[in-house]
Amino acid sequence: IKTRCRTLGRSKLRSAEPSTQREGRRLMSTACTDGLIEACIDLARFLEENDPQAHALRRRVSRIACDQGDRLGCELLGFSMLDTAKTANEYKAASEKLYFACQVHRPRACTKLAEMLLIGQFGKTSPARARILLDGACRRGHEPACERLRNHKALNGAASPTQPRQP
């Protein structure tokens, strides 16, 4: 029945009618709460793209997936947490979820962590570490990481994992 809820929920989410979309969210949320991780991921992605202000629901369903060890769920949770972070502890908690996802080659999470390192989100900046993260994400085909590597001046002199800094 969980799979049927997900399938029906996905089709209702595609509707332009708000009441039909609400029903789709309800069905997807039910399937997620019942343990169907794919429904959690689908709903979190939908909310991220179509209703980024639905912070509570997005965080709840992505946390269910992350708590089950799903790395994409942790990536989605990290981004959801960043959207509302205001304190150093909240940014740290969000970055921990992104780091968990980055460790298993989720390039979008790695790119965001690199951006946080470049602006000093964790204290001082770390262009060398950011370059390593961006290089890995770029190698996995994440174009925003490749673009950042090409254009960011602070990264030009930073050591690369494939090219050590020259004396």
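The values are calculated or read from the model by the stated rules, or taken from the named source; none is laboratory data. Every value quoted in this text rests on a predicted model; they were computed, and no experiment measured them. Backbone-built Cβ (ideal geometry, glycine too); neighbour counts: all protein chains shown. Ligands, DNA and RNA are excluded from the accessible area calculation, which covers all protein heavy atoms including side chains. Shrake-Rupley method; radii C 1.70, N 1.55, O 1.52, S 1.80 Å.
Things to note:
- Close pairs (9 angstrom Cβ cut-off, 6 or more residues apart or separate chains): closer than 20 Å to A44 by Cα in the stretch 78-94, open to solvent by less than 40 Å² (accessible area, probe 1.4 Å) and not in a helix (DSSP H, G or I) anywhere: Y91/A85; A93/A85; A94/A85
- Looking only at the stretch 32-89, residues that are β-branched (V, I, T) and over 15 Å from the mean Cα position of the chain (by Cα) come to 3 in all.
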